[in-house]
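Contents: one structure, followed by commentary.
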Amino acid sequence: MSSITVVPAPVSLTSRGGDPFRLDAASRINAAGGAAAVGEYLAGLLRPRTGFALPVDAGADDAADAAGIRLTLDPAASAAAPDGYTLRSGADGITITAASAAGLFHGVQTLRQLFPAAIEAPLGGDTGAAGGDWVAPAVLITDAPRFAYRGAMLDVARNVFSVAEVTRYIDTIALLKLNHLHLHLSDDQGWRLQIDSWPRLTEIGSSTSVLGGGGFFTKADYAEIVAHAASRFVTIVPEIDLPGHTNAALASYAELNIGGVATSTYRGTEVGISTVDTTAEATWRFVEDVVREVAEMTPGPYLHLGGDESLTLSAEDFARFVARASRVGAASGKTVIGWHEMGQSGDLAPGTVGQYWDYLVPRADAAAHTLSFVEQGGSVILSPADVSYLDIHYPDSDRLGQDWADGPTSVEQAYSWDPAAIVPGLPEESVLGVEAAIWTETMLGIEDVEVMAFPRIVAVAEIAWSPAPAGTPSAAPDAAERSFAEFSPRLTAFAERLDALGIRYHRTALA
Ligand code: TNX
């Protein structure tokens, strides 16, 4: 049997010795109460290829389930480790225990990696049963995330993505225990979300994209995405980018423009070209209406209001705008997130979260602007562009993506950084988490997104989930080293699973 490989690396994994667990036609899944939905999800993963019935028993465990898979919610389990789990496997069965359904779901993502990759059926594809010896080694795993916020960002503004493409991306990131999907819903090239009070945003603003075609998510589409995400324990974080990156809105409504004349729609890929009129009364009606409607349709706690690359406003006008916009956002009941430039204002709504997108070595004022969020009671999400932007070229191909962020970026670079070691003075406690962003100016569809995201997103997910390694500011005394040589074979093993799932990846990036 090949050695045991799991990504992201769990906190601890020990072999128990002895016979492995063997899934067979008589196996059952026991998942009572709040564990039932995760039990059904697990059965749905395992049934197609094995061809086994795998009934899910929602009642109390009994002897009949002894050699099956048990998912157990125990409020006392890992009380100090939200979203964590323990997994024990052996010939006598598999037990996953967690304090929350999210913890069980993460345990299930680990469990599937203990079985042969051939147990995975293609995402969204019909498939027949395949013969196999469906064994999982006898192990004991205890695990919990380092960071609460583990995110991926998908730019659905530059090009148009269907609900099916977005839900597919949710399924791919959930494999990696990522638990937030940030949707970049508006930009110069397109407005992608139905807003009833400002209908021309979708009548006009959604009619273009970099490729040319238009499209947007209706409220029903958005609800479908949110519900699918919830079933994968992923929280949707909607972004309406303000005050720049707004040409699609400016083309839709003249009154948002300085000078009061609507712009033309835009298909180019320049950044920093647009701004709303920050003093117009119409702009503030627009901001309030959009924030209200987006907040109403979003169950998650966050609302991202952009703030990046506002290159045509004075520093004073920008700071005044983001301060007021953050307060409108907070008044909707959401925690506002802004790109790190928003930290130029010292008057943000208290608790506003900053998203750092500068380099591993911060340039100019990026570090100071980032610390400003902490000074105002907020925390920070790290998305350093030179290692976690998934649209930057791989070293051996410039077919897709861009090169501006000190590119190209190898898998090893995407793996070789620490979130608590970038911004001097930003302690681990102030790091909410990590997010891998993909901008889609050059991507034609979800296939291209997958090829650029995978396998680098696996590296970023491990940085977000796995314990702080030795040599980093927040490492535990007994922390292990993080080494690409150790990660690389685990990644190669995981790629077999990507093949089985039909998830595309940049093959030549693997060692
Ligand atoms: C910068 S970094 C952007 C995006 C572009 C991306 C291309 C940041 C917050 N904004 O508008 O799409 O570069 O890589």
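The values are calculated or read from the model by the stated rules, or taken from the named source; none is laboratory data. Since the model is a prediction, treat every value here as computed from it, not as a measurement. Here Cβ is always computed from backbone atoms with ideal geometry, including for glycine, and neighbour counts include all displayed protein chains. Protein only, heavy atoms only, side chains kept; ligands, DNA and RNA dropped before computing areas. Shrake-Rupley method; radii C 1.70, N 1.55, O 1.52, S 1.80 Å.
In the range 398-433, how many residues are of a type in the set (G, A, S), within 16 Å of the ligand (Cβ to nearest atom), in contact (Cβ under 8 Å) with a residue 40 or more places away in the chain and not in a helix (DSSP H, G or I)? Going through the range 398-433 one residue at a time, the tally reaches 2.
For the subset of the range 267-281 comprising residues that are farther than 21 Å from F318 by Cβ and within 13 Å of the ligand (Cβ to nearest atom), which member is least open to solvent (accessible area, probe 1.4 Å)? Spell out how you get there, then give the answer.
Quick first cut of the range 267-281, residues farther than 21 Å from F318 by Cβ only: 267-269.
Narrowing further to those that are within 13 Å of the ligand (Cβ to nearest atom): 268-269.
Numbers: G268: 25, T269: 75 Å².
Result: G268.
Residue-wise test of (1) in a loop (DSSP other than H, G, I, E, B); (2) among the small types (G, A, S).
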{"residue": "A130", "(1), (2)": "yes, yes"}
{"residue": "A152", "(1), (2)": "no, yes"}
{"residue": "L178", "(1), (2)": "yes, no"}
{"residue": "L181", "(1), (2)": "no, no"}
{"residue": "I195", "(1), (2)": "yes, no"}
{"residue": "T202", "(1), (2)": "no, no"}
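Pairing each residue of the range 219-230 that is touching a residue at least 12 places away in the same chain (Cβ under 8 Å) with any residue that is of a type in the set (D, E, K, R) and open to solvent by 60 Å² or more (accessible area, probe 1.4 Å), provided the two are 6+ apart or on different chains, yields C-beta distances under 9 Å for K219/D196. Scanning the range 256-265 finds no residues that are within 16 Å of the ligand (Cβ to nearest atom) and assigned to a loop (DSSP other than H, G, I, E, B).
Evaluating R158 against the criteria (1) assigned to a loop (DSSP other than H, G, I, E, B); (2) open to solvent by 30 Å² or more (accessible area, probe 1.4 Å) leaves one unmet condition, (2).
Go through the range 310-334 and count every residue that is open to solvent by 40 Å² or more (accessible area, probe 1.4 Å), within 16 Å of the ligand (Cβ to nearest atom) and either free of Cβ contacts under 8 Å to residues at least 24 places away in the same chain or not hydrophobic (A, V, I, L, M, F, W, C) (or both). Qualifying residue count, the range 310-334: 1. Entry remark, the range 340-354: residues being within 13 Å of D365 (Cβ to Cβ) and either within 16 Å of the ligand (Cβ to nearest atom) or touching a Gly at 6+ places or on another chain (Cβ under 8 Å) (or both) number 6 in total.
Specify which of the listed residues (E203, E239) is more than 29 Å from L432 (Cα to Cα), in contact with a Ser or Thr (Cβ under 8 Å, 6 or more places away or on another chain) and among the acidic types (D, E). Write out each step before concluding.
Values: E239 fails: more than 29 Å from L432 (Cα to Cα).
Every option except E203 fails the conditions.
So which residues in the range 439-448 are more than 13 Å from the ligand (Cβ to nearest atom) and of a type in the set (V, I, T)? Listed by number, the list holds a single entry, I446. Against the criterion of being surrounded by 22 or more Cβ atoms within 10 Å (Cβ to Cβ), away from the ligand (no atom under 16 Å from the Cβ) and of a type outside the set (D, E), A229 qualifies. Residue-level check: of (1) open to solvent by 50 Å² or more (accessible area, probe 1.4 Å); (2) outside any helix (DSSP H, G or I), R292 misses just (2). The set of residues from the range 463-486 being in a helix (DSSP H, G or I) and surrounded by 22 or more Cβ atoms within 10 Å (Cβ to Cβ) comprises I463, A464, W465. Total residues in the range 381-397 satisfying the condition of being in a helix (DSSP H, G or I), crowded, with 24+ Cβ neighbours inside 10 Å and either acidic (D, E) or within 10 Å of the ligand (Cβ to nearest atom) (or both): the figure is 0.
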